[in-house]
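Asker: Submitted below is the structure of interest, expressed as structure tokens.
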Amino acid sequence: MGNVDLRPPFRRVWSFNGGKLIEFQPVLQDGRMFMLKNDGRAYAINAASGRVEWRRRVGGLAASSPAAAYGLVYFVANRGGAGGIAGAGSATVTAVNQRTGRVRWHRLLRSSSESSPLVVKGRVFVGSQAGTVYALSARRGRVLWKRQAGGPVKTALAYSRGRLYYGDYGGSVTAARLNGSVVWRTGGLGQIYATPAVKFGRVYVGSKSGSVHAFSAATGRRLWSHSTGGYVYAAPAVAAVPGMRPALFVGSYSGRFSALDARSGSVIWSRPGGGTISGAPSVIGRVVYFSALTARRTYAVSAKTGRVLWSINKGAFNPAISDGNRVYITGFGSEYAFTTPRRLRHERIIHAKRRAARRALRDYRLLLKKRHAAMQAE
């Protein structure tokens, strides 16, 4: 979101508090925030007020973000999982009406999954622990095709210009067409949990080997690699931020957070991250957000310099999303909406005018009702 003008300091607008972990970011669609907690509870929250519009249990263990499209929201959750993903049982992809929370369809997979669904051109794409990549009909949940990867596909699939990109725990990255046919595959990267990022004609992916790699999106040729000194567990953020070279922003278990030149992999800046960084960063305007898992803290830093602009003692994994007017911060088990003081004042003025207009309309209708009653009495 490079054109968004949202910079700290912020004021809190609302908070949604809950005890269970929110490991992956919610998504925004048509004024609603859709969120999936690790215990398999799904929520629709009014983005303006923070009010819960509906909630539904879609499984017993979830480790993914939902996706929203076609008036539906798609969740991937497993049957159970007290012992983690290894004992989670089979996963179900569930499509729910965005407005009502009513289930439209659900599709049982043959193994567990922690892959966030991707919705593209009427299809839902999702990976699984068994290494199977599925394409489902977005409207009805029918299986359109299945393909086998070189290991468990824990990543979400990424899409760009007619191609899908995904990594697997066997150490491979695959580029495929929308029909599932493989365009290229490259291996030897170490176990991949991080979702690929596709930008500038390149595919960027991190792995548990501790490195971030850049490949040609067209051919799969490796262009550069950069060692971070620790697991790279989540997708990098890649952006063309005004005033700086196209950059890749990434954190790792080494505890450092860095900006790299997206073309060459050279370091633009690097700074201590305040603790282990397990989640993906977010670029919103000229600000980059990341969370330190061990510190349970979220930082907002200048994309250009890495200087800390703001921080909050909330956060663990994937920190921030925005609708252009607010920044929504994901804490360990809670969600928070922030905006700038100027925008908050503007919102309050607009809300006050709307309340005054509703009161005036109500009073006018009451007056008409009284006049009508008086005329009937004559």
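The values are calculated or read from the model by the stated rules, or taken from the named source; none is laboratory data. Because the structure is predicted, anything quoted here is derived from the model rather than measured. Virtual Cβ from ideal backbone geometry, glycine too; neighbours counted across all protein chains shown.
Asker: Tell me, yes or no, whether the range 137-152 has at least one residue that is in contact with an Asp or Glu (Cβ under 7 Å, 6 or more places away or on another chain) and either among the β-branched types (Val, Ile, Thr) or modelled with pLDDT under 95 (or both).
Answerer: yes
Asker: What strands (runs of 3 or more DSSP E), lying completely within the range 13-122, carry at least 1 residues that are under 18 Å from the mean Cα position of the chain (by Cα) and of a type in the set (Gly, Ala, Ser)?
Answerer: Ranges flagged: 41-46, 67-69, 72-78, 91-97.
Asker: Same structure again: When the range 236-252 is examined, which residues are found to be in contact (Cβ under 8 Å) with a residue 60 or more places away in the chain and either of a type in the set (Phe, Trp, Tyr) or on the phi < 0 side of the Ramachandran plot (or both)?
Answerer: Across the range 236-252, the qualifying residues are 239, 240, 241, 242, 244.
Asker: So which of 315, 274 ends up being crowded, with 18+ Cβ neighbours inside 10 Å and closer than 22 Å to residue 195 by Cβ?
Answerer: 315
Asker: Consider residue 58 against the criteria (1) touching a Lys or Arg at 6+ places or on another chain (Cβ under 7 Å); (2) under 19 Å from residue 116 (Cα atoms); (3) of a type in the set (Val, Ile, Thr): it satisfies all of them except one. Which criterion is unmet?
Answerer: Exception for residue 58: condition (1).
Asker: Further question: Would you check which residues across the range 57-75 are within 16 Å of residue 18 (Cβ to Cβ) and surrounded by fewer than 16 Cβ atoms within 10 Å (Cβ to Cβ) and list them?
Answerer: Passing the criteria: only 57.
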